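The values are calculated or read from the model by the stated rules, or taken from the named source; none is laboratory data. Since this is a predicted model, take the numbers as computed values, not measurements. Cβ coordinates were reconstructed from backbone atoms using ideal geometry, including for glycine residues, and neighbour counts include every protein chain displayed.
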Amino acid sequence: MSQSGARGRLAPVSITFVASLGARLRDLELRTRPEHPDLTAALARRWEELPAHVKTRNQMLGRRTAGCEGTHGVFPRCNLACTPCYHSREANRVRTDGEHTVREVERQMAYLRAERGPGQNAQLIGGEVTLLEADDHAGALQAMIDHGRKPMSLSHGDFDYDYLQALALDPATGKPRFRHLSFAGHFDSMMYGRRGIKAPESEPALNPYRARFCEMFARLEREHGVTHYLAHNMTVTPANVDQVPQVIRDCREMGFRMFSFQPAAFIAAGCVRWRVSAPRLSPTSCTRSWMPTRSSPPGSCCAAASCRMSSRSARPRNACRPARTPWRIPTRTSSSPRAPSTRCSTPRRTCDCRSGCRSCSCR
Ligand code: SF4
């Protein structure tokens, strides 16, 4: 065989090999950069969009992250009923099957990847995702991963270990299809219909259910090596805001790695399902007076640097007092979206009625 003949046959193979090697090296170089150039560009755009007054030294938007991401309107189906739920009346009546869900998640994630670069956290959210078949849920998570997202499933946590196992394991091989799962467990006392506790009377009443949720993931890791990141989501309204510290005290060792408290917005089905009015949680009110530390003895002030109460009232920082009267949450009906107007004559800054009255002089 002549040399030229050998070169003629080997040349195409070599070109393909070199091209493939070059592509893999370029990919490796991109992957090992501290930041993907697409993300750098997305962050720069986000920073430009921010108003000037929020471009502070501590601002993470536009620097570390482009902001929160989540699926939108893909799967509005749920088997619980929460009073501040944002679902519209059409929820549970639209298409929520697995094929539709995976396709729409795929479409939305492709858009987010193009607009916001790779490596962003994104929630699989919009309804109760564990009502999806485990394989469809896994398909949605995989679509998010394929588009460079770090997915987290938002769930009310009212599912069983068998479901979690089916989600984590490949049905064909029985081996893990995900090495890691992130879940946000939504627990609060305004959720109705949970198995075993249809109508929780308080936040502590849900603690066994929070612990059970964490234990399922601990078991999955023990049995199959699938690691997890768990967040705890709690919707906060005037009905439970005073229980937030107790939730932290009770649940901090359960296995959650983040606690998020979401003030509920007065939107969506709120006019029907929102039952309490918002009290004045004004920055001039000492938090000690509305946190569940009312029973704390006088003088046990938190002395927080942000406290404006002591300086305005010319009292020493360690002298803020617990509220003199328990905080009563007024009942609200759909026909009276605000608390009834009552005249309060208590001098400014000393009123602790917390009634949310409209004409109180301390408003
Ligand atoms: S668990 Fe979530 S989706 Fe379901 S009713 Fe509550 S807030 Fe709505």
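Tabulated data
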read-out	value
Residue under evaluation Arg219, criteria (1) within 16 Å of the ligand (Cβ to nearest atom); (2) surrounded by fewer than 22 Cβ atoms within 10 Å (Cβ to Cβ); (3) not in a strand (DSSP E or B), criterion not met	(1)
Residue list for the stretch 45-88, restricted to those being surrounded by 13 or more Cβ atoms within 10 Å (Cβ to Cβ) and among the aliphatic types (A, V, I, L, M)	Leu50, Leu61, Ala66, Val74, Leu80, Ala81
Residue within the stretch 191-209 that is closer than 24 Å to Tyr161 by Cβ, of a type in the set (Asp, Glu) and away from the ligand (no atom under 16 Å from the Cβ) present	no
Tabulated pairs, the stretch 137-150, first under 20 Å from Asp97 (Cα atoms) and modelled with pLDDT of 95 or more, second of a type in the set (Gly, Ala, Ser) and outside any helix (DSSP H, G or I), C-beta under 6 angstrom, 6+ apart or interchain	Met144/Ala122
Candidate set from the stretch 149-177 (those that are away from the ligand (no atom under 16 Å from the Cβ) and crowded, with 19+ Cβ neighbours inside 10 Å); member that is nearest to Phe213 (Cα to Cα)	Leu164
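Matching residues to (1) touching a Gly at 6+ places or on another chain (Cβ under 8 Å); (2) small (Gly, Ala, Ser):
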residue: Ala138; (1), (2): no, yes
residue: Lys150; (1), (2): yes, no
residue: Ser182; (1), (2): no, yes
residue: Gly185; (1), (2): yes, yes
